[in-house]
């Protein structure tokens, strides 16, 4: 089913898009067996490498996944995780890889952090060549004061993919903790799709810093950010894309942001050709503008299109500079409640 | 350095940095530079001045105090007047000083414009007793917006607006804090949004200087008078047990003696409490009709009684306690919040499209989802093909397929869950857009030549390649001329699997001009002896019947005995339970098959 060309607004709504992914998953899975669907080509970054099923290797529901990852997660390897809940304390994922994937079962995979939130669980994962994908994983356990963010990125020409990787527990009160972070060294492409973040006091998806360094591409699509703090997303590099995402601020969150205003999207770097498209924002629970342009973003340019916002009259933008010199907006809808 | 965020009225910045310093007369310094079209920047500092010099009147102008802090220690000498015929914004200024018994206020009189007070604060209030307001409006037209402001204890109403023509001068209060004051709002036709009213100490007494002895100031968030509905949403009003040292009591929401039938109230998503033995809503003091004509929705009252008179219909419960954190709003700059400029095409009000609600799903599994097209524009290689179904198409029974000698990926306009991309494993791909609605758009990235296509017969689909309008025929012709895919001619339609898919066509491999010898176009109807298939084939060269190769399986199908029509480079025919074969030259430009028939191209 194709979409309607209705003045640029997606006929397939954001939620439809998420559902569509699940539908696509079914198609791809069937076609994979038949060996004909193109979708499978993109789904197996290491299709020419080895495949490991951690269930067959002995991983069982409730067990620790760390040693299995240490043993099996590597370049040119696709690691399948059977459905279940496993403890994960931060070992075995961090490192640099080429053409690797950690694919959770579509039936549900939970990686639960240490019960002590002060034990950081935050691997640094870098794609050096080809693509590295994390898929179908829910990371449970609130991030504590120590930095538990997951740091991801890609070298030039490589691709880091996070697909249905969810962090619903956010951070504990008072923790200045982010969810996922991309550093200045990111030079390739980061694709974050169909992920869910909630209850972070600080930034949930902090992917703006690449503008300070290698200026890699960041694409965030079809993600949900429900009751996040300082920023749901912070972007700043060239060609950054935030598309088809849902932002909600209707309830209090973890108090880790030092009382700063809560934002949906913070443009925190002077990236050019930044695209914010087809997003929905329910900002009825706070009196702050959902989109902020910080001083470091001065001089960047981009487009906000097909944006739908409901707020209590707090305004659409908070800007430290005259953004309408270089940014444009198309089909922005603001409903006050 | 002067930094005034975007969205404020005015354009010419007049920076007072260096012109004023702590202790200087700021109101006069502002008056010296204030003019239509200017933005006055005030550096951080603690200044002085006369209240009467707050007499700011300009069009398309902003008076902007640095968010770090600007205060004026005022001599509360007498009234000032403010107004505009377009827009005047006063932002980030504390007016310090305690107002006297005599009335000191700002008279608001607009001439069609909007007066905006943002973080324009009066924290020190009045002596007790006092007759002073913050502002009064008796005339004029326009709008007054009061946002992120803080008001301390006043003995009289903060905003006395009940004498104006309320229809000509609506008022919006938003994000404000009111602390230990008499009526925050006296009037009608207003919106109070995200405001907090708290009484946890003495409210100054009220007294007219030349009037009666006065009396205790009455704590209440609103006193409706003068006509016009007031909307209260996401607000909180709490009168605590020590709500007034002078013994005054008051409801949270009140009606004054001059209220009218139109002084109704709509209260939504708000919280109230009154610990001094008074009701939340004093409906007994207003006209009879106002209670029944007012409404409540998701209102929490943590004390009783709710009403002194008639009940207001709606949703009321003992739920969330009211917020009381007024001091967090004591100095509350907007942090650069701006109105979108002209570069932002923004729809507001009832015409705005509201956002979709969240799915509530954390888990949205995927298995084999392909990488997005989104980074596409920088990463995608090849040609972007965009298909657009005609608005004139009758329905969505419109499928479009194209065969490509190279990889195909979804473009931003396709829907991977429904649209399909398949490969034969030998580098040949087929993309299919399924059930295109009239007007629907799909897009793909193709990294090789398009060698075949099909469009459901009776439906019109236009195509662009990298933004340039073209046709499938032209693309296929181009591919053929490039000699692509000169193989065995076994296109994916050759087995007739597109049964019932009228209008299938497939230029197919093997039609390139590089082929040696005569080529035969074979239209094979034998896979379905009971049905016929109509076909329409055009090549760039010639078509001739190859009678010696054509056949009918049993010779009984009348269709196979019919003479197919050949017009130079085009043949239109019907095949039944047999095969029609033609010698062709030149690339195939189009093939349209209605029915079940296999298409092959072989060398003779």
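Across segment A:51-336, C-alpha contacts under 8 Å between residues 6 or more apart give a mean separation that, scaled by the residue count, equals a relative contact order of 10 percent. Could you work out how much longer the chain between residue B:527 and residue B:462 gets when fully extended? Use 0.36 nm per residue separation minus the Cα distance between them, nm to one decimal. Working it through step by step, the gained length comes to 20.2 nm.
From the Cα gyration tensor of segment B:9-84, with a ≥ b ≥ c the square roots of its eigenvalues, which class applies: rounded if a/c is under 1.5, or else prolate if a/b is larger than b/c, or else oblate? The partial results should precede the final answer.
Working: a/c = 2.03, a/b = 1.12, b/c = 1.81.
Judged from the Cα gyration tensor, segment B:9-84 comes out oblate (a/c at least 1.5, b/c at or above a/b).
Spin-label model, residue B:361/residue B:46: points 7 Å from Cα along the beta carbon direction are separated by 5.9 nm.
Could you give the Stokes-Einstein D for segment B:380-470 in µm² per second, using the C-alpha Kirkwood radius, 10 °C, 1.306 mPa s? Using the Kirkwood radius from Cα pairs, D works out to 123 µm²/s. Label positions at residue B:395 and residue B:549, each projected 7 Å from the Cα along the C-beta direction, are separated by 3.9 nm.
Length gained on full extension, residue B:141 to residue B:73, computed as 0.36 nm times the residue gap minus the Cα-Cα distance: 21.4 nm.
In what sequence do A:282, B:315 fall when counting other Cβ within 10 Å, fewest first? Working shown, then result.
Values: A:282 24, B:315 13.
Final ranking by Cβ density, sparse to dense: B:315, A:282.
Quick one: if you take sqrt(5λ) for each eigenvalue of the C-alpha gyration tensor of segment B:204-312, what semi-axes come out, biggest first, whole angstrom? Intermediate results must be reported in sequence, preceding the final value.
Details: eigenvalues 104, 65, 25 Å².
After scaling each eigenvalue by five and taking roots: 23, 18, 11 Å.
Modelled this way, with points 7 Å down the Cα-to-C-beta line, the labels at residue B:21 and residue B:567 are 9.4 nm from one another. Put in order of Cβ neighbour count within 10 Å, fewest first, the listed residues B:402, B:436 become B:402, B:436. By the beta-carbon count within 10 Å of each Cβ, the least crowded to most crowded order of B:181, B:288, fewest first, is B:288, B:181.
What length, rounded to one decimal in nm, is gained on full extension from residue B:321 through to residue B:210, with 0.36 nm per residue of separation minus their alpha-carbon distance?
Working: separation 111, 0.36 × 111 = 39.96 nm, distance 4.12 nm.
Gain in length upon complete extension: 35.8 nm.
For a Förster distance of 41 Å, can you work out the FRET efficiency between the beta-carbons of residue B:474 and residue A:250, rounded to the nearest 0.05? For residue B:474 and residue A:250, the calculated efficiency is 0.20.
For residue A:76 and residue B:35, the FRET efficiency from 1/(1 + (r/R0)^6), where r spans their Cβ atoms and R0 equals 60 Å, is about 0.30.
Read-outs: derived from the displayed coordinates by stated rules, not from any lab. As the structure is a prediction and not an experimental result, all values here were calculated from the model. Neighbour counts run over all protein chains shown; Cβ positions are idealised from the backbone, glycine included.
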